[in-house]
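Here is the structure we will look at.
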Amino acid sequence: MEKKLGNGKRSKIRLITVAVILLILLPGLYCRLKVVDYSFESDLISSPVRIALVTDLHSCWYGKDQKNLIEAIDEQSPDIVLLGGDFFDDRLKNDNCEEFLKGISGRYPVYYVTGNHEYWSTSDKFREEMEILDRYGVIRLQGQGEMLEINGNNIMLAGVNDPDAFYQSETGGLDGQLAEAAADIPDDMYSILLSHRPELFNEYSGLGFDLVLTGHAHGGQWRIPGLINGIFAPNQGLLPEYAGGLYTDGDMTMVVSRGLARESTLVPRLYNRPELVIIDIT
């Protein structure tokens, strides 16, 4: 005859099940900022260049006056700071973004491209966001390339608007901006494209950029380390191909940052700590 479990045994099984689930989930909810390093070599670079890539801050809080994020950047001593879109958020106030820019203003060259959430803001809020960038000397890239001199190296940095810009009557179109940016690449100069969207990988391929820097995917929000790189990403859906990390096509490498969004997201990050990306080119 089939034996039935007593109430006591059933309670123990439930308790053990809950404990196991908590032991699996709780470490994954740890959301302290981490620094992720990538290194690349190029014959076009004669002395080391270090880049800090800040994406998808979404106006989130990183300590009083954004001290935790700023100190993490300062410890790495980058030559330049790049803001890869969704720096602002359409729902949260801009205070944390302004505190961050105030903290690094005048100490690093800072360049920025838009993300989709800037365009999801009201027109008044978007205007305020752009005024904050101007206030702290941040250079916004909108298809043009900037010729930079960093540690004796000549580098071409280009950036494009998020595609949502072109649904809101900003002129040029993404294809036009990409073509304009790629047209400025000198043959003898290392070239970087800053863009918010990793799912446009195929559009970036063949343009001639050595390095493409993106965000947007939030690392797929939930991860299973060593098994699944990301569960879901905007504009990619389930099991996104470009959730976070490195992706290559010929001579082009794309870096996808997992970004910095924490309290702005409805679903918590799981085994997917927010990251500051540091890129060394030698």
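Computed from the coordinates by the stated procedures, all read-outs in this text should not be read as laboratory data. Because the structure is predicted, anything quoted here is derived from the model rather than measured. Virtual Cβ from ideal backbone geometry, glycine too; neighbours counted across all protein chains shown.
In order along the range 134-146, phi translates into HN-Hα couplings of 4, 4, 10, x, 7, 9, 8, 9, 9, x, 7, x, 10 Hz, rounded to whole numbers, per the Karplus curve 6.51 cos²θ - 1.76 cosθ + 1.60 with θ = phi - 60° and x for Gly and Pro.
With respect to the chain, whose longest principal axis is taken over its alpha-carbon atoms, helix 174-183 is tilted by about 50°. In the distance distribution for the range 52-94, Cα-Cα pairs more than 16 Å apart total 40 percent.
With respect to the chain, whose longest principal axis is taken over its alpha-carbon atoms, helix 7-28 is tilted by about 10°.
Counting pairs on different chains as well as pairs 8 or more places apart, how many Lys pairs in the chain have Cα atoms under 17 Å apart?
Number of lysine pairs found: 8.
Each Lys and Arg contributes +1 and each Asp and Glu -1, all at the Cβ; summed about the Cα centre of the chain, the dipole is approximately 2640 debye.
Taking amide H as placed 1.01 Å from N in the peptide plane, the amide H of Phe40 sits under 5 Å from that of Asp280, Ile281, Thr282, each at least 5 places away or on another chain. For the chain, the extents of the C-alpha atoms along the principal axes are 82, 42, 39 Å, listed from largest to smallest.
With the simple model of a label 7 Å out from the Cα in the direction of the Cβ, Asp134 to Glu149 spans 2.9 nm. Take the alpha carbon atoms of the range 55-120, find their center, do the same for the range 216-247, and report the distance between the two centers in whole angstrom. Measuring centre to centre over Cα atoms gives 23 Å. Identify the residues of the range 87-106 with backbone N under 19 Å of a label point that sits 7 angstrom from the Cα of Asn68 along the Cα-to-Cβ direction, or state none. So the set is 87-89, 92-104. Projecting the Cα positions of Gly173, Val35, Ser205 onto the charge dipole of the range 33-281 (unit charges on Cβ atoms of Lys, Arg, Asp and Glu, taken about the Cα centre) puts Val35 furthest along the positive direction.
Applying the criteria of a DSSP loop state and at most 16 other Cβ atoms within 10 Å to the GluC sites (Glu not before Pro) of the range 21-114 yields Glu41.
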